[in-house]
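Below is one structure, written out as structure tokens; the observations come after it.
The values are calculated or read from the model by the stated rules, or taken from the named source; none is laboratory data. Computed from a prediction, not measured in an experiment: that's the story for all the values here. Glycine also receives a Cβ, built like all others from the backbone with ideal geometry; neighbour counts cover every protein chain displayed. Remember, those area values only see protein heavy atoms, side chains included, never the ligands or the DNA or RNA. Shrake-Rupley method; radii C 1.70, N 1.55, O 1.52, S 1.80 Å.
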Amino acid sequence: MAFTSLVIQLARFGDLVQTARLMRSLSGPGASVHLACDASLAGLAGILYPEATIHPVRAHGGRQSPGELLAANAAAFEAIRAAEPDAVYNLNFSGLNFALASMFDEDVVHGYFTHAGQRLKDPWPEVGFRLSSRRPQAPCNLVDLWAHFAENPIAPEAVFPGAVLESPETREPGNSGGLGVVLAGRHSRRSLPAEVLAPMAAAALEGVIARSGQGDAKAYLLGTNAEKPLAKAFLRAASPRLAQRVEDRTGSMDLAGLASFLRGLDLVLTPDTGTMHLAAALGTPVMACFLSSAWAWETGPYGTGHLVWQSAPPCAPCLEAQECPNELTCLEPFTAPKFLKNVAAAAAGREVRGDELPESLLLLRGSQDGFGQTYDVLAGQDPYAAERAALRREIAMLRGVVLKSDAPPLNDQLTRLMFREQDWMLPPWRDRA
């Protein structure tokens, strides 16, 4: 009889993509995998995880009371219950997630579970919550945090294909290429304004043309109908030369169409968005722009070879929901005099001059080790590198992965962050009488 797993992922677009390592770790011969996701993402879930049974749940959209939400999902919950999973992986600390997971015996629920009416965490996600209080030293990508809810996740390199910047010799026939420009994320604080994004897109397109040999390559503006005003602002800010090469695709495709379109691009220029994660999942090269509220080591594109321009002023990282007291200092590096020249170089696969970049800007390239996703610093100075490496070595050991590392031992502050007295004074909740 097949071993049946249920993954409860009721968050949004990007989170669904970032569940890939866990989903693929649970799949295979003799395995049956079910996925509960927001109904608006069910089609995309079917594309990403064709081996899974998808259960659409109404989790977002509209203002409904808890009772109304549960009533609207009664049929979906019954279908999920009927799957009779042997293991349930609850990935979100939310009321609806707990409601769904509570249909099953707590002994089979991993991640976030309910015990005697209390909402609790397993030891591993508890570590994740502790680390979130020291975001500058963040040692774990969200993909890997969720993947290690399972005992033996697949190797990081088996999750997504690595990014490959194509040349005329490697381009597939019929691939028109070009640059995808994602106009905005869900929050404006994570996105470049049009007057900054347009010159950067022009430089990236120049690099794409140099690399691909496609002299007629275009820049495609990507987003939903909500981004149409941003597309107009982009075109107003674009130079005449760039404007002639721009094609506005905002609001023109659903998620399945977006996935198909992303496959044919040479490069995707994007903030931290679901589209960024989808492009990485498809192996399309990503050049991401992370302002200080997005931190590459937490939510950067998964896979080798992707590039991230990480703004790292002393106040970073921050929360976009809080008012910025520093007049968006994190935006300044993207307007530095020689920045655009280095954008073109990076997009073309050439060396970037680190001495020409602002001190508060890092250029990162995705790489992987035995634990999961990490990033190499190609330009700039990362003041948290040593502490991050020390934390990464320790959390990897918690999951049975031994990393080769010359990082120093944890200092007292980081030791107190990682380990608490209750970890050894009391047994885990599941083992208490």
Checking a compactness column here: for segment 308-433, what do you get for Rg(Cα) / (2.2 N^0.38 Å), N being the number of residues?
1.39
For segment 170-322, give the magnitude of the charge dipole about the Cα centre (Cβ charges: +1 Lys/Arg, -1 Asp/Glu; no others), in debye to the nearest 20.
220
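Among bridges DSSP assigns within the chain, what percent are antiparallel (round to 5)? Don't jump to the answer; show the numbers that get you there.
Working: 15 of 50 bridges.
Counting only bridges with both partners in the chain, antiparallel ones make up about 30 percent.
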Any idea how far apart residue 398 and residue 102 come out in nm if each label point goes 7 Å out from Cα toward Cβ?
2.7
Distance in nm between residue 84 and residue 155 label points, each 7 Å along Cα→Cβ, equals 3.7
Excluding residues on the same chain fewer than 8 positions from residue 338, give the aspartates and glutamates whose Cα lies under 19 Å from its Cα.
195, 206, 351, 355, 356, 359
Note down the net charge around residue 195, summing +1 for each Lys or Arg and -1 for each Asp or Glu among other residues with Cβ under 14 Å from its Cβ.
+1
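Can you give me the relative contact order of segment 297-417 as a percent, contacts being Cα pairs under 8 Å and 6 or more apart?
Numbers: 137 pairs, mean separation 30.1, N = 121.
The normalised contact order for segment 297-417 reaches 25 percent.
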Taking just the alpha-carbon atoms of segment 190-249, what radius of gyration and Dmax come out, in angstrom?
11.4, 34
R0 = 25 Å: FRET efficiency of residue 94 with residue 72, Cβ-based, nearest 0.05?
0.95
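Take the Cα pairs of segment 41-116, get the Kirkwood Rh, then feed it into Stokes-Einstein at 37 °C and 0.692 mPa s and tell me D in µm²/s.
Numbers: Rh = 13.5 Å.
Rounded, D is 243 µm²/s.
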For the chain, accessible area per residue (1.4 Å probe, heavy atoms of protein chains only), Å²:
45
Span per principal axis, largest first, for the Cα atoms of segment 267-325 (Å):
37, 18, 17
Tell me, how many Å apart are the Cα centres for segment 351-427 and for segment 294-328?
16
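Translational diffusion coefficient, Stokes-Einstein: compute it for the chain using the Kirkwood radius over C-alpha pairs as Rh, at 25 °C and 0.890 mPa s, and state it as an integer in µm² s⁻¹.
Details: Rh = 22.8 Å.
Calculated translational D: 108 µm²/s.
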Could I have the simple spin-label model distance between residue 332 and residue 3, label points 7 Å from Cα toward Cβ, reported in nm to one decimal?
5.4
Can you tell me which lysines have their Cα less than 29 Å from the Cα of residue 228? Leave out same-chain residues fewer than eight positions away.
218, 341
So residue 378 and residue 247, fully extended at 0.36 nm per residue minus their Cα-Cα distance, gain in nm 44.0 nm
Peptides ranked, highest mean first, by Cβ atoms within 10 Å: ranges 276-288, 117-129
276-288, 117-129
How many percent of all Cα-Cα pairs in segment 235-376 sit more than 27 Å apart?
26
Grab the beta carbon distance between residue 115 and residue 64, set R0 = 22 Å, and tell me the FRET efficiency rounded to 0.05.
0.20
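Expressed in nm to one decimal, what extension gain is obtained for the pair residue 369 and residue 135 from 0.36 nm per residue of sequence separation less their Cα-Cα distance?
Details: separation 234, 0.36 × 234 = 84.24 nm, distance 2.03 nm.
Going from the current span to full extension adds 82.2 nm.
In debye to the nearest 20, how big a dipole does the chain give about its Cα centre with +1 on each Lys and Arg Cβ and -1 on each Asp and Glu Cβ? Numbers along the way, then the final one.
Details: 38 positive and 46 negative charges, 144 e Å.
That gives the chain a dipole magnitude of about 700 debye.
When Lys and Arg each count +1 and Asp and Glu each count -1, what net charge do the other residues less than 13 Å away from residue 1, Cβ to Cβ, add up to? Present the calculation step by step, with values, prior to reporting the outcome.
On the way: positive: none; negative: 84, 86.
Cβ neighbours under 13 Å give a net charge of -2.
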Give me the percent relative contact order of segment 1-151, please, defined on Cα pairs under 8 angstrom at least 6 residues apart.
26
What does the helix-only formula give at 222 nm for the chain: each DSSP H stretch with n ≥ 4 adding -39500 (n - 2.57), the total divided by the residues, and the result rounded to the nearest 500 deg cm²/dmol?
-9000 deg cm²/dmol
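Against the 2.2 N^0.38 Å scaling, with N counting residues, where does segment 1-134 land? I'd like the Cα-based Rg ratio to two decimal places. Write down the numbers at each step before the final one.
Numbers: Rg = 14.4 Å, N = 134, 2.2 N^0.38 = 14.1 Å.
Normalised Rg, Cα atoms only: 1.02.
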